[in-house]
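Novice: Take a look at the following structure, please.
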Amino acid sequence: MEYILEAKGITKTFPGVVALDNVNFNLKKGEVHALLGENGAGKSTLIKIISGVYKADKGTILYMGKTVSFNSPTEAMKAGIATIHQELNLFEDLTVAENIAVGNVESFLLSKRKLINITDKLLKNLNFNIHANSTVRNLNTSEKQLVSIAKALFLNSNVIIMDEPTATITEHEAKILFNIINDLKKKGISIIFISHRLEEVFEIADRVTVLRDGKFVGTTDVGHTSEQELISMMVGRKISEMYPKYNVPKKKEIFSVHDLNVGRIVKNVSFSLKEGEIFGIAGLVGSGKSEIALGIYGYIPSKWKQLKVGDKVISKIKSPDQALQEGIAMVPEDRKTMGLVLELDVMKNITLQNVKEVEKGGIINWKKADDIAREEIGKYSIKVSSVKQKVKTLSGGNQQKAVLAKVLRRVPKVVFMVEPTRGIDVGAKVDVYKIVNNLANNGIGVVFISSELPEIVRLCDRVLVMHRGRPMGILEGNEITQENILKLATGVDVE
Amino acid sequence: MNWRTILRKMREYPAIVGFVGIVIFFALLSDRFFTLSNFLIILRQVSIQAIIAFGMTIVIISGGIDLSVGSTLALSAVILADFLKSGSIFTAVFMALLVGAAMGAANGLIIAKGKIQPFIVTLATMAIGRSLTLVYTQGMPITGFPQSFRFIGRGDVAGIPVPIIIMLSLFALMWFVLNNTKLGLYSYAIGGNEIAAKLSGVKVDRYKIIIYMISGVFSAVSGIILTARLNSAQPTFGYGYELDAIAAVVLGGASLTGGKGHILGTLFGALIMGTLNNGLNILNVSPFYQQAVKGIIILIAVLLEREN
């Protein structure tokens, strides 16, 4: 038995789309196998077929040498294939032990003490630093992930599928996760690892399979490939520059803030930027980096000694509306909960932030709004069937472009971009980087706030690093390296 | 129009389909139902509920709810009645609308600035409004208005009863507001995603206050029509009207979580409720059963809605 899991010739169609077309995938015992592809490439569909959520139209799945066809995720889990979803599906108000028991323990009565003892033993065996008795709500994202992993291992899973496990945790927490994955490997457990981040694939995976538009592109040993090769496999074209960076002359100062305090988190932050400068803010989750943007933008209460946009001194910003009038714009962190009204169409979402352009006496000229929406859709090459398409049906990358379109329609003096590439595919990321460069080129000050260090390092002219709400220093030029940022972000001084 | 587009439209406006179905049902069972005069009766009866439901529609679209509509109706009716006895019709109507606007403004202000759930706030103002009405009237009806005032409730223009004309005008107004104005777009946006609306520069608090004021004013209009029709203002006016209005809006396809709904749906939602009342009475169905029939219709409608 060479493979523990083998999927052969898997085809799956949904009304109107071929999601998977004759795809092959195999998994060795004790290996980490990365599954790569842009959004819509078919990764999730394949995972859902393996884990029993969907049934394939054609093709077979061999698990431990036998043909299997699971009717539900529970069946797959009982057979030893566990999936850890991105959204984690935990019960926030139950304890760790109870969460692990739900769906795993079949007896009707159960002793709380016994459950906690078993769970504590399991957690200790795994070297997880969590208590069985803690309430899940009080754990952070990466700890919650460990609970999900523990839950998978409770049933002695042979295969664990991890769907973008690093999308919502910090680089530091990802390191911890990778150590755990390596431990699991040594125990002979096989892992299917889905990620958007190429550098992680090289760090953790043994082999990698690339899908594109529902088709199998290839499987290769990670040692025998390169980042460039994987990107071109994923997007089907050469991306000579993953991180485009234009050389923009810096002119006069466009924005500055002194002694900024936001809520109870951010303390004494000062920085300034020039026209055409891309200024990065880095830090772990909870470092207060996104609160800096929300505070200045008037969404959460903040105070400062002095804030200047251009030559204008602004003593207080009470609302996003006022911030926009002062020429401060923000691309919010989460496009679904903060950026877009998902039930509305693309045109209305773009209009929402640019009503002034199309209204007279409170009455909207929809013909004009339609023209503007078409113009923006063209400008950002947003893939839509019509301007009336609801944004909830767009892919992540196109949603993000719709957010950029609505925020940047009225040209700001300075724009705060918070995690602008989170959860979008490589192609869309490059588009976002180009947009950022163009903004700088047009003399706009860009504050680029991100948890993804590679983009911070390659894109930004200067980088402010935050640690627990306090500024740890501003890196410049050659000082901007992942190592230096991580040292500051974890509270270690750079010498 | 081919069958497919008709089918799609039917799915889009389930309330119209339901209304047509109910009309056919009653028309088959009684020859007294399907007449022009009976339809005018239904429309006139529905007008008071429908106008409240129009105001409720924009509130629900914006993600809120207004339980105080019945109390607002009663309070504005008794204020109207009091001013009718001493002053001009114009002043009295103006005062009634002012009371409606004030109740709505109070709701909106507490909801927006106090950041309290609309359900709780309007539950409280519902009780307070009712109490004020009872105190103001000492529990007694107010009667004795000028003959000309009754025109609003009982008169007609070219054969069409005035309440129906008022209802259709307000329908047209709300249709325009929801589809073609900044206020309409903002209502959908606030109900769909309040955070995104705020971050897009919408003055959410201000618009919430305006939205609840619309609901208050529309309740007052209903109060004026009801007073004119019955030629008296009673402190018990409008008991339970909030539930009929919410039912009409939900039957019309709006979601109580906000961001969805349209005024045409609400009109037909209200028509369904009114037609059921009328038809069941014509068929001599005991009033004891009528509430259950309405309840079942609402459940069926919401279950069908979920399919989409």
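Rule-based calculations on the coordinates, nothing more; no lab input. Everything numeric here is computed off the predicted structure, so don't read it as measured data. When we count neighbours, we look across all protein chains shown, and the Cβ atoms used for this are built from the backbone with ideal geometry, even at glycine.
Novice: If one computes the Cα centroid of the range A:238-311 and of the range A:447-477, what distance in Å separates the two points?
Specialist: Between the Cα centres of the range A:238-311 and the range A:447-477 lies a distance of 10 Å.
Novice: Report the percentage of all Cα-Cα pairs in the range A:31-92 whose separation exceeds 16 Å, rounded to a whole percent. Provide the component values of the computation, followed by the final result.
Specialist: Details: 991 of 1891 pairs.
That fraction is 52 percent.
Novice: Between B:Ile210, B:Ile58, B:Ile272, where does the largest GNM mean-square fluctuation fall for chain B, given springs only between Cα atoms within less than 10 Å?
Specialist: Ranking B:Ile210, B:Ile58, B:Ile272 by mean-square fluctuation puts B:Ile210 first.
Novice: State which entries of A:Lys8/A:Lys390; A:Lys58/A:Lys78; A:Lys252/A:Lys367; A:Lys121/A:Lys185; A:Lys55/A:Lys121; A:Lys360/A:Lys406 exceed 28 angstrom in Cα-Cα distance in the structure shown. Mind dumping the intermediate values first?
Specialist: Values: A:Lys8/A:Lys390 36 Å; A:Lys58/A:Lys78 24 Å; A:Lys252/A:Lys367 39 Å; A:Lys121/A:Lys185 20 Å; A:Lys55/A:Lys121 37 Å; A:Lys360/A:Lys406 19 Å.
As for pairs spanning more than 28 Å Cα to Cα, those are A:Lys8/A:Lys390; A:Lys252/A:Lys367; A:Lys55/A:Lys121.
Novice: Continuing with this model, one more query. Largest first, please: the extent of the C-alpha atoms of the range A:14-148 along each principal axis, to the nearest Å.
Specialist: Extents along the principal axes, in whole Å: 49, 31, 31.
Novice: If contacts are Cα pairs under 8 angstrom and at least 6 residues apart, what is the relative contact order of the range B:46-239 in percent? Write out the running numbers ahead of the final one.
Specialist: Details: 328 pairs, mean separation 87.8, N = 194.
The value is 45 percent.
Novice: Given the pairs A:Lys43/A:Lys368; A:Lys114/A:Lys187; A:Lys316/A:Lys429; A:Lys274/A:Lys318, which span a C-alpha to C-alpha distance of over 29 angstrom in this model?
Specialist: Values: A:Lys43/A:Lys368 40 Å; A:Lys114/A:Lys187 25 Å; A:Lys316/A:Lys429 34 Å; A:Lys274/A:Lys318 24 Å.
Flagged as over cut-off: A:Lys43/A:Lys368; A:Lys316/A:Lys429.
Novice: Compute the distance from the alpha-carbon center of the range B:107-178 to that of the range A:380-416, in whole Å.
Specialist: If you average the Cα positions of each part, the centres end up 42 Å apart.
Novice: Straight-line reach from A:Lys487: which aspartates and glutamates have Cα under 20 Å away, leaving out those fewer than 8 places along the same chain?
Specialist: A:Glu171, A:Glu173, A:Glu199, A:Glu200, A:Glu203, A:Glu452, A:Glu455, A:Asp461, A:Glu476, A:Glu479, A:Glu495
Novice: Packing-wise, with mean Cβ within 10 Å as the measure, how do A:95-101, B:296-302 rank, highest first? Please list the in-between numbers first.
Specialist: Details: A:95-101: 23.7, B:296-302: 15.1.
Final packing ranking: A:95-101, B:296-302.
Novice: For the range B:1-131, report the convex hull volume of the alpha-carbon atoms normalised per residue, in Å³, without decimals.
Specialist: 187
Novice: Would you mind telling me which residue in B:Ile246, B:Ile224, B:Ile195 has the biggest mean-square fluctuation in a Gaussian network model of chain B, where springs connect alpha carbons within a distance under 10 angstrom?
Specialist: Largest GNM mean-square fluctuation: B:Ile195.
Novice: Okay, next question. Using Cα springs under 10 Å in a Gaussian network model of chain B, which residue among B:Val135, B:Val177, B:Val99 shows the largest mean-square fluctuation?
Specialist: B:Val135
Novice: Let me ask another. Could you estimate the translational diffusion coefficient of the range A:100-204 from the Stokes-Einstein equation, with Rh from the Kirkwood formula over C-alpha pairs, at 37 °C and 0.692 mPa s, in whole µm²/s?
Specialist: Values: Rh = 14.7 Å.
D = 223 µm²/s.
Novice: Around B:Leu73, with a cut-off of 11 angstrom between Cβ atoms, what is the net charge of the other residues, counting Lys and Arg +1 and Asp and Glu -1? Let's see the in-between values first.
Specialist: Numbers: positive: B:Arg130; negative: B:Glu242.
With Lys, Arg at +1 and Asp, Glu at -1, the net is 0.
Novice: For B:202-209, what's the mean count of beta carbons from other chains sitting within 10 Å of each residue's beta carbon?
Specialist: On the way: counts 6, 4, 3, 1, 1, 0, 0, 0.
Rounded to a whole number, the mean comes out at 2.
Novice: For Cα pairs less than 8 Å apart in space and 6+ apart in sequence, what is the mean separation divided by the residue count of chain A, i.e. the relative contact order in percent?
Specialist: Values: 974 pairs, mean separation 76.4, N = 495.
Computed value for chain A: 15 percent relative contact order.
Novice: Just to be sure I follow the rule: in the range B:46-239, considering lysines 8 or more places apart or on different chains, how many pairs have Cα atoms under 30 Å apart?
Specialist: 12
Novice: Also: Based on alpha-carbon centroids, what's the gap between the range B:1-45 and the range B:198-219 in Å, whole number please?
Specialist: 34
Novice: Which residues make up the longest stretch of chain A clear of chymotrypsin sites (Phe, Trp or Tyr not before Pro) that lie in a DSSP loop with no more than 14 other Cβ atoms within 10 Å, not counting the sites? Could the numbers behind the result be given before it?
Specialist: Details: sites that count: A:Phe91, A:Phe108, A:Tyr246.
Answer from the scan: A:247-495.
Novice: Please give me the summed charge of the neighbours of A:Glu419: other residues whose Cβ is under 11 Å from its Cβ, Lys and Arg +1, Asp and Glu -1. Don't jump to the answer; show the numbers that get you there.
Specialist: Working: positive: A:Lys289, A:Arg335, A:Arg422; negative: A:Glu333, A:Asp334, A:Glu452, A:Glu455.
Cβ neighbours under 11 Å give a net charge of -1.
Novice: In the calculated pair distance distribution of the range A:3-235, what percentage of Cα-Cα distances lie above 23 Å? Walk me through the intermediate numbers first.
Specialist: Values: 13050 of 27028 pairs.
It works out to 48 percent of all Cα pairs.
Novice: Report the convex hull volume per residue for the range A:240-319, counting only C-alpha atoms, in Å³.
Specialist: Residue-normalised Cα hull volume stands at 105 Å³.
Novice: Viscosity 1.567 mPa s, temperature 4 °C: Stokes-Einstein D of the range B:180-308 from its Kirkwood Cα radius, in µm² per second?
Specialist: On the way: Rh = 16.9 Å.
For the chosen part, D equals 77 µm²/s.
Novice: Same structure, new question: Just checking the output field for B:185-196: average partner chain Cβ neighbours within 10 Å of each residue's Cβ? Show your work: numbers first, answer last.
Specialist: On the way: counts 11, 2, 0, 5, 10, 1, 2, 9, 11, 1, 7, 16.
Whole-number average of other-chain Cβ neighbours for B:185-196 is 6.
Novice: Please report, to two decimal places, log10 I(q)/I(0) for the range B:46-239 at q = 0.09, 0.11, 0.12, 0.15 Å⁻¹ as given by the Debye formula with identical point scatterers on the Cα atoms and no solvent.
Specialist: Each listed q maps to, in turn, -0.33, -0.48, -0.57, -0.85.
Novice: A follow-up question, please. Within a 10 angstrom radius of each residue's Cβ in A:340-346, how many Cβ atoms of other chains show up on average? Whole number is fine.
Specialist: On the way: counts 5, 13, 4, 10, 8, 0, 0.
Other-chain Cβ atoms within 10 Å of each residue's Cβ, averaged: 6.
Novice: While we're looking at this one, here's another question. Distances over 37 Å make up what percent of all Cα-Cα pairs in chain A? Provide the component values of the computation, followed by the final result.
Specialist: Working: 42309 of 122265 pairs.
Looking at chain A, the distances longer than 37 Å represent 35 percent of pairs.
Novice: Another question, if that's okay. When the helices in chain B are scored as -39500 (n - 2.57) per DSSP H run of 4 or longer and the sum is shared across all residues, what 222 nm value do you end up with, to the nearest 500 deg cm²/dmol?
Specialist: Numbers: 14 runs with 235 residues, N = 308.
Here the helix-only value at 222 nm equals -25500 deg cm²/dmol.
Novice: Also, I was wondering about something else. For chain A, what does the helix formula give at 222 nm: sum of -39500 (n - 2.57) over DSSP H segments with n ≥ 4, over the residue count, nearest 500 deg cm²/dmol?
Specialist: -9500 deg cm²/dmol
Novice: Around A:Lys305, what is the net charge, scoring Lys/Arg as +1 and Asp/Glu as -1 over all other residues with Cβ under 15 Å from its Cβ?
Specialist: Values: positive: A:Lys267, A:Lys303, A:Lys308, A:Lys316; negative: A:Asp259.
So the environment of A:Lys305 carries a net charge of +3.
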